[in-house]
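Every read-out reported here was derived from the displayed coordinates using simple, explicitly stated rules and does not represent laboratory data. From a predicted model like this one, the values you see are computed outputs, not experimental measurements. Heads up, the Cβs are rebuilt from the backbone with ideal geometry, glycines too, and the neighbour counts pull from every protein chain shown.
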Amino acid sequence: MKRAIGYLYLKRRWIILLLLIVLGVFYFLKNFYLPLKFFASVSFFVLFYLIDYLFGINFQKRHYVYIIFISVFGIFLSQLYFISPNYDKALHLIQPIMASSIFFFMVAKLKLEFKWKLMFTFFIVLAFVGLFEI
């Protein structure tokens, strides 16, 4: 029991540390759209944490790192899309891989054959990618 509680405190400390790093990046990269980008990025992270906490999914630290990466590079640094077309291509390669890891972590708990878990994960990620492209 003490070990589980210690793990939760350690997990929360990592989350707070990563959130402070993200806030520091927001502070040093100020611009006109900062309040909107800040609100969107933090809301995305808080929503992910709430889903983890309320539904008891118990995401790993790497999933939180993925969400922070997606939040910072996909939302906060979105003006880089207009500076370099390669930035957009890199994000379209990396972010679906990270999202696949997160979704497969959730789908892996279902009682399905492995091939159906992969298909389910693929179509969920494809739906999210299509939604964000629109």
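What FRET efficiency comes out for Lys111 versus Leu80 if R0 is 41 angstrom and r is the Cβ-Cβ distance? Round to the nearest 0.05.
0.45
If I stretch the segment between Met119 and Val46 completely, what's the gain in nm (0.36 nm per residue apart, minus their alpha carbon distance), one decimal?
That works out to 23.5 nm of additional length.
What's the FRET efficiency of Phe104 with Leu36 using the Cβ-Cβ distance as r and R₀ = 22 Å, to the nearest 0.05?
Once rounded, the FRET efficiency stands at 0.10.
What is the extension gain from Leu19 to Val129, computed as 0.36 nm multiplied by their sequence separation minus the C-alpha to C-alpha distance, in nm to one decimal? If you can, show how the numbers build up before the last one.
Values: separation 110, 0.36 × 110 = 39.60 nm, distance 2.46 nm.
Extra length available between Leu19 and Val129 comes to 37.1 nm.
Sort the following peptides by mean Cβ neighbour count (other Cβ atoms within 10 Å, averaged over residues), highest first: 68-75, 55-62, 82-89.
68-75, 55-62, 82-89
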